[in-house]
Amino acid sequence: MSIAFQIHAADNVATLLGDAEDRVSLRGEAAGDVVLLRPIALGHKVAVADIAAGAAVVKFGIPIGTASTAIARGDWVHLHNCTSGFDERSGDFDVITGAGKDMRYD
């Protein structure tokens, strides 16, 4: 079983320490398992609690963004359902690559 690390007790997300298909074991401030709603890749975040649309996404004990849609426990937390609190352009990033859609590479 893959592992996800919850950094702070107030966090509603944990970071995967390996690719995961169906379930992760929580470490850090949390204990137990989270059933995944879809496969999630190494380094990405999983919701460890339900997060309402418009609510803060919390990592490191601080809000890092806002849920743009409701996020269920076990779902992947990324650009398709979360806007960054650190980068005003985050809503314009490609969901898969993270590349800014407002930039052109020739």
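Looking across region 4-25, the residues that are over 14 Å from the mean Cα position of the chain (by Cα) and in a strand (DSSP E or B) come down to R23, S25. Filtering D11, D50, D19 for residues that are among the charged types (D, E, K, R) and touching a strand residue (DSSP E or B) at 6+ places or on another chain (Cβ under 6 Å) leaves a single hit, D11. Entry remark, region 65-80: residues being at pLDDT 95 or above and buried (at least 18 other Cβ atoms within 10 Å of the Cβ) number 6 in total.
For region 32-82, give me every one of the strands (runs of 3 or more DSSP E) that falls completely inside it and has 3 or more residues that are free of Cβ contacts under 8 Å to residues at least 24 places away in the same chain. Before you say what the answer is, go through the steps one by one.
Details: elements: 33-35, 45-47, 56-59, 62-67.
Per the criteria, 62-67.
Of all residues in region 14-31, at least one satisfies being hydrophobic (A, V, I, L, M, F, W, C), open to solvent by 20 Å² or more (accessible area, probe 1.4 Å) and without any contact (Cβ under 8 Å) to a residue 24 or more places away in the chain.
The values are calculated or read from the model by the stated rules, or taken from the named source; none is laboratory data. Values in this document were obtained by computation on a predicted structure and should not be read as measured data. Quick reminder, even Gly has a Cβ in these numbers, built from the backbone with ideal geometry, and neighbours come from all protein chains shown. To get the accessible areas, we keep the full protein, side chains included, count just its heavy atoms, and leave off ligands, DNA and RNA. Shrake-Rupley method; radii C 1.70, N 1.55, O 1.52, S 1.80 Å.
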